[in-house]
Structures are given as C-alpha cells and as structure tokens.
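> Before anything else, here's the structure in question.
What follows is calculated from the coordinates using simple rules that are stated; it is not laboratory data. None of these values were measured; they are calculated from a predicted model. Here the Cβ positions follow ideal geometry from the backbone for every residue, glycine too, while neighbour counts run over all protein chains shown.
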Amino acid sequence: MLNGKKIVLGVCGSIAAYKAASLVRLLVKAGAKVQVVMTADAVNFITPLTLATLSKKPALVNYFEPATGQWNNHVELGLWADAMLIAPASANTLAKMATGQCDNLLLATYLSAKCPVYFAPAMDLDMWKHPATVNNVQKLQSYGNVLIQPGTGELASGLHGEGRMAEPEEIVQFLTNQLSGNLPLTGRKVLVTAGPTYEAIDPVRFIGNHSSGKMGFAIADRLAVLGAEVTLVTGPTSQTNNQPGIKRVDVTSASEMLEACLMYFETADACVMSAAVADYTPVTVAPQKIKKQDQEFKIELKKTTDILRTLGERKRKNQLLVGFALETQNEEENAIEKIRKKNLDFIVLNSLNDQGAGFKTDTNKITIIDQHLQKTTFDLKSKADTAADICNKIIELI
Ligand code: CTP
C-alpha cells in the first residue's frame with residue numbers, strides 16, 4: 001500500500017529515536033521512499049549512518065553539509081513528500097511546530113510541507129500531560145496535522161503511564177490506512193462511547209455497572225482500520241486500543257461523559273453510543289467517607305441526562321446516530337421505542353437472554369434494527385467481528 005510513496009521521516013531527540021531504525025526498515029519494506037531528517041539532539045540517540053543505511057539515502061541534519069558541500073533545500077523536501085511523519089516527536093519539537101519556530105531543518109521542512117503531516121509523540125507521562133503539551137497537540141490538530149496517539153506502558157524514566165511512542169508496526173499500519181486514501185471511512189470523524197460510568201456516593205464509593213468496555217473498544221478499533229478519525233470517550237476500564245490514532249478521552253461519571261460528547265458531537269459524522277451510562281446518580285456526594293450507623297441506609301438518586309437522546313435532539317441531517325439496547329424482556333419492542341425516542345439511525349440490540357452476549361464476554365450476539373425497522377440478526381461472534389458488522393451498517397448508511 002505504501003509502494004512508491006515518498007515519506008519524510010522527522011526524528012527528534014528522544015530515547016524512542018532508537019525505534020526509528022525499525023520504522024525506516026518497515027517503511028522501506030512496504031515500498032516507501034524514505035528521506036530521514038533529524039534534529040541535532042536526535043543524533044545523540046541514533047546515528048545518521050544507521051538511518052541512512054536503512055533508508056538508502058543520507059540522513060539530513062543540517063541546512064548545509066560542509067563535508068559534501070550540499071545545501072539541503074527544505075522547500076524541495078516539503079514539496080517532494082507525499083507525507084511527513086515525525087516520529088518520535090519530542091515535547092520540544094511539538095512546541096516549536098505549534099508556534100511556527102524554525103531553527104532546524106526538520107522544522108523548516110515541516111513549515112514547507114504541503115502534504116499531510118503525522119506526528120507520533122514520545123515523552124515522559126508528566127510532560128505529555130502538561131497543559132502546555134496538551135495545548136500544543138490541540139493546536140497541531142487544528143492545523144490538520146494528525147496525532148498518532150502514544151501508548152501506555154513502562155517509560156524510559158521508570159514511570160508507568162501514557163507517553164510511549166506507538167510501535168513502529170502500528171505507525172506503519174496507521175500510515176498505510178491513511179495514505180491508501182480509499183478506505184470506506186477515510187476523512188470521516190466518528191465519536192464512540194464505551195464502558196461504564198461511576199457515580200460517586202462519597203470519596204471512596206460509587207454506583208457502577210458490569211460493562212467492560214470491550215464492545216466499544218472493538219468498534220473504535222474497527223472504525224480506525226476503516227480509515228475513520230475516531231474519538232473514544234470511555235468510562236473507567238482496563239481496555240486499551242489496538243489501533244493507533246484513536247483519540248481517547250477518559251471520563252468517570254455520566255455528566256463528564258455528556259460534557260465530552262457535546263464537545264466532539266458538532267464535528268462528528270457519526271456517533272456510536274455503546275457506553276453503559278448510569279441512569280441515576282446520587283443527589284449529593286458526601287464530601288467525607290460515610291460512616292456506618294443505622295441498620296438501613298438510603299441514597300437519594302436523580303436521573304442523569306440521557307446522552308444519546310440529547311445528541312438525537314441536536315442531530316443534523318448529515319449525521320448518523322447509533323444507539324445500543326441491552327434488554328432482558330420485550331427486546332425488539334423496547335429497542336424500536338428507543339429508535340423513535342432518541343432519534344436514532346439504527347440500534348444495536350443485545351439480549352442478556354442470549355448465551356455469550358452482554359457484559360465482560362469476548363463474544364456478542366446482536367440484532368441491528370434501523371429506523372425503517374429493517375432488522376438483521378447476526379450469529380454469536382467475537383466482539384471484533386460484531387464490531388465489523390456494526391461498522392458495515394455505518395458504511396452502508398453514511
Ligand atoms: N444512554 C445514554 N445516556 C444515558 C443512558 C443511556 O447515552 N444516560 C445510551 C446508551 O449508551 C445506549 C442507549 O442509551 O446507547 C440505551 O441505553 P439504555 O440504558 O438501555 O436505555 P434507556 O433509555 O436508559 O432505557 P431503560 O433503562 O429503561 O432500558
């Protein structure tokens with residue numbers, strides 16, 4: 001899929017620069033022509049000779065190479081490339097890109113690039129979470145640059161968390177999906193919700209449910225494979241995405257999930273609401289841990305806002321809205337009622353009466369009912385295959 005594609009690979013000063021060698025190797029193996037551009041700091045982590053040997057082209061660091069008398073023309077590089085990939089992208093380079101600074105060849109090439117730009121950050125978790133970095137990433141996304149989401153795991157500092165550069169295999173897969181350009185959902189933005197919500201009772205207790213988030217994560221992964229730009233708003237879960245490039249927004253409560261969904265809904269082409277959102281939340285949250293006293297204890301609850309219904313009320317003609325229904329009785333009747341009440345394009349119905357369907361399992365058995373009451377019942381399948389069936393319906397309707 002990358003056959004003949006011209007890629008400028010920008011390598012920054014980060015320990016993850018050692019992965020640039022595998023990245024170049026995989027890109028070249030996939031048929032791409034790779035031109036490496038390094039910052040001066042990157043050279044401290046991996047030698048230009050290594051990357052030049054693997055890419056079969058000199059790795060460029062300076063505007064001017066005194067040894068060869070060669071002037072490296074950033075404008076030409078920017079025009080030559082079908083894509084620019086900055087991996088690893090350090091906090092420093094991200095900040096400079098966001099503010100248009102231009103004190104090295106990589107940044108000058110970035111400013112000259114007319115092609116799509118992808119960046120795969122790598123840094124310590126506190127640097128990644130710092131509001132300055134968060135703002136810089138948002139700014140780059142507003143320029144149309146595409147974030148290849150870092151992963152979670154052990155970091156070079158010894159800390160554990162988010163900030164680890166996506167693996168070279170994931171980055172190449174992501175680029176392949178993006179650059180092939182003819183995937184069914186290329187250029188489409190999709191909002192997905194997943195997991196449970198936790199409604200706080202006091203600082204240590206909450207009301208929750210058994211949702212694992214598996215179905216929503218499988219849907220987000222499948223949408224990404226199909227080329228969509230995915231934002232996944234998820235409640236508390238141990239799930240992780242298998243596809244890079246998915247923007248994950250972690251929330252805890254139903255009201256936080258609503259707030260996050262409203263932020264991304266306007267620009268979304270489709271929304272798939274698979275989260276098991278609490279229908280009720282405590283009227284008040286005790287500021288201190290509640291001590292046990294009487295034999296009986298009552299918690300007063302109030303209704304949460306129905307996120308799906310709220311989005312249904314705001315839905316434009318060109319937006320697609322998908323809801324889920326988990327029922328134990330009168331399944332189809334209840335599901336159809338939800339299509340109407342929440343203004344859905346289709347609903348994914350699963351019944352807790354079906355063996356292998358529902359919470360925490362790796363399989364699911366669904367029926368899709370659309371707004372014209374056309375009904376398709378699927379066999380018991382893995383959640384990944386179920387996600388593919390749901391996404392096929394989205395492609396059919398979008
Ligand atoms: N949902 C939501 N916000 C809520 C409750 C539910 O967005 N506060 C969404 C779920 O993500 C799901 C759909 O609504 O896509 C169906 O949720 P469900 O709880 O089954 O339906 P309800 O309308 O709450 O009806 P009931 O609880 O009576 O079955």
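> Picking from Phe174, Val43, Leu155, whose Cα lies most toward the positive end of the charge dipole for the range 6-180 (charges on Cβ: Lys, Arg +1; Asp, Glu -1)?
In the range 6-180, that residue is Phe174.
> Something else: Rounded to the nearest 500, what is the 222 nm mean residue ellipticity of the chain from helices alone, with -39500 (n - 2.57) per DSSP H run of 4+ residues and division by all residues?
Using -39500 (n - 2.57) per qualifying helix, the result is -9500 deg cm²/dmol.
> Would you grab the residues whose amide H sits under 5 Å from the one on Lys5? Only those 5+ places off in sequence or on another chain, please, with H modelled 1.01 Å from N.
For Lys5, whose amide H was placed from the backbone, the distant partners under 5 Å are Lys33.
> Which of the lysines could a cross-linker span from Lys317 if the Cα-Cα distance has to be under 20 Å and same-chain partners fewer than 8 positions apart are dropped?
Within the straight-line limit of under 20 Å, Lys317 reaches these lysines: Lys189, Lys338, Lys341, Lys342, Lys393.
> Number of Lys pairs in the range 6-180 with C-alpha atoms less than 19 angstrom apart, excluding same-chain neighbours closer than eight positions?
Qualifying lysine pairs in the range 6-180: 19.
> Given a Förster distance of 22 angstrom, what is the FRET efficiency for Asp103 paired with Glu76, based on the Cβ-Cβ distance and rounded to 0.05?
Calculated value: 0.70.
> Further, regarding this structure: Please report, in Å, the Rg and the Dmax of the chain, where both are computed over Cα atoms only.
23.8, 87
> Take every Cα pair under 8 Å in the range 243-398 that's 6+ residues apart, average their separations, divide by the length, and report that relative contact order as a whole percent.
So the answer I get is 16 percent.
> Then there's this: If the chain between Ile290 and Thr377 were fully stretched, how many nm would it gain, using 0.36 nm times the residue separation less the Cα-Cα distance?
Once the chain is fully extended between Ile290 and Thr377, it gains 26.6 nm.
> Counting only C-alpha contacts under 8 Å and six or more residues apart, can you give the relative contact order of the chain as a whole percent?
Contact order relative to length: 11 percent.
> Taking the radius of gyration and the Kirkwood hydrodynamic radius from Cα positions alone, what is the Rg/Rh ratio for the range 6-180, to two decimal places?
Taking Rh as the inverse mean 1/r over Cα pairs, Rg/Rh reads 0.94.
> Under 28 Å Cα-Cα from Lys291, which lysines qualify once same-chain neighbours fewer than 8 residues away are excluded?
Qualifying lysines at Cα under 28 Å: Lys302, Lys303.
> Once you have the Kirkwood Rh of the range 82-164 from its Cα pairs, apply Stokes-Einstein at 4 °C and 1.567 mPa s and quote D in µm²/s.
Answer, rounded: 100 µm²/s.
> Determine the sum of side-chain charges near Gln35: Lys and Arg each +1, Asp and Glu each -1, restricted to other residues whose C-beta is under 12 angstrom from that of Gln35.
Residues near Gln35 contribute +3 overall.
> In whole percent, what relative contact order does the range 6-180 give with Cα contacts below 8 Å and a gap of six or more residues?
In percent, rounded to a whole number, it is 22.
> Now, a different point. In debye to the nearest 20, how big a dipole does the chain give about its Cα centre with +1 on each Lys and Arg Cβ and -1 on each Asp and Glu Cβ?
For this selection, approximately 580 debye.
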